[in-house]
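The values are calculated or read from the model by the stated rules, or taken from the named source; none is laboratory data. This structure is a prediction, so every number in the text was calculated from the model and none was measured. Because the Cβ atoms are built from the backbone with ideal geometry, glycine has one as well, and the counts that use them run over all protein chains shown.
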Amino acid sequence: MLKTVYIFPFVKTPRDFLVDCLLARGCRAIRSSERNLNRLAIRLQRGELGLEEGEFHGHVVEEHRAVRLLAGAGGEVAKLRAGRGGEHVDLGIELEFPKIVIDYGLWDYHTREERKLLLKQSSLALQVVRDHLWDRNLVLASCPDRVAEHFRSLGFFGDILPDRYEGKAVLLDPHATEELRSFGEGVYILGGIVDKSNRMRTQELGYELPRVSLKLHGRSSGVPDRLNLLVGIICRNVLGEPLDLAIRRVTQR
């Protein structure tokens, strides 16, 4: 009999911590060259940028909880700008869950071209995480040196594990019969697999954990298997987008 797992979706994201900070200052607009408030929050928290006071013009590129991000030319005005020489601000970001674990335990079985494609998908997955959550929500498990070095070159500050992830989690496996209907503040393991010949399966990673699958209209075949798209589905769903809509949106992009 088919079982269904239900998890309540909600997390407070880095951009929420940034908006809290700006509203506490009585500020409803900030100018930055970052493409969204979430990425800006990460750079501020890391001390890569600081806040400068003044009068800065631009157009609105994003609005969240009545706080606007300005960039480029335009008539909108902000009293704060994020820059390299500005005041350091600690946003107090505390965001450890959900954890999205990419396990590279089958890396040695990939061909050279498959490894290149897997590394590309992994890099894109990190960019997706930074658009919605932050590096601490991503974990690299059974991580080969080449992958670890590449992520460090991208400034990755999440966990890099030489072995499998240890702890309570579920394994996302397209061949599992148990269906996951929603993501929440749990731990979700994805197989770092790019396999054109269908030689390898997620269950071969060796985890003794509950296995769940994602389905669209009752079929796993309607769900993308690229890492960055799967990560995008998780991020969108934990931020409140219905799972079926998240799957359709990342598939259509």
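Residues in region 136-150 that are crowded, with 17+ Cβ neighbours inside 10 Å and out of contact with any helix residue (DSSP H, G or I) (no Cβ under 7 Å at 6 or more places or on another chain): ARG136, VAL139, ALA141, SER142, CYS143. The residue that is surrounded by the most Cβ atoms within 10 Å (Cβ to Cβ), counting only those in region 215-228 that are within 11 Å of THR251 (Cβ to Cβ) and among the hydrophobic types (A, V, I, L, M, F, W, C), is VAL223. Counting only residues that are of a type outside the set (Lys, Arg) and either surrounded by 13 or more Cβ atoms within 10 Å (Cβ to Cβ) or in contact with a helix residue (DSSP H, G or I) (Cβ under 8 Å, 6 or more places away or on another chain) (or both), region 67-76 holds 6 of them.
In the condition set (1) more than 24 Å from GLY92 (Cα to Cα); (2) free of Cβ contacts under 8 Å to residues at least 24 places away in the same chain, ARG152 is compliant with all but (1). Would a scan of region 45-54 turn up a residue that is at pLDDT 95 or above, in contact with a Pro (Cβ under 8 Å, 6 or more places away or on another chain) and not assigned by TED's automatic domain parsing to the domain that holds ASP145? Yes; the residues of region 45-54 include at least one that is at pLDDT 95 or above, in contact with a Pro (Cβ under 8 Å, 6 or more places away or on another chain) and not assigned by TED's automatic domain parsing to the domain that holds ASP145.
I'd like to know if region 134-146 contains one or more residues that are over 20 Å from TYR207 (Cβ atoms), in contact with a strand residue (DSSP E or B) (Cβ under 7 Å, 6 or more places away or on another chain) and assigned by TED's automatic domain parsing to the domain that holds LEU216. Give the steps one after another, and end with the answer.
Taking region 134-146 and keeping what is over 20 Å from TYR207 (Cβ atoms), we get 134-136, 145-146.
If we keep only those that are in contact with a strand residue (DSSP E or B) (Cβ under 7 Å, 6 or more places away or on another chain) as well, we get none.
No: region 134-146 contains no residue that is over 20 Å from TYR207 (Cβ atoms), in contact with a strand residue (DSSP E or B) (Cβ under 7 Å, 6 or more places away or on another chain) and assigned by TED's automatic domain parsing to the domain that holds LEU216.
None of VAL231, VAL212 is in a helix (DSSP H, G or I), surrounded by 15 or more Cβ atoms within 10 Å (Cβ to Cβ) and not hydroxyl-bearing (Ser, Thr, Tyr) except VAL231. Looking at region 170-197, which of its residues are within 19 Å of the chain's Cα centre (by Cα) and surrounded by fewer than 19 Cβ atoms within 10 Å (Cβ to Cβ)? Matches in region 170-197: ARG181, SER182, GLY184, GLU185, GLY186, VAL187.
Scoring TYR165 on the criteria (1) buried (at least 19 other Cβ atoms within 10 Å of the Cβ); (2) in contact with a Leu (Cβ under 6 Å, 6 or more places away or on another chain) leaves a single failure, condition (2).
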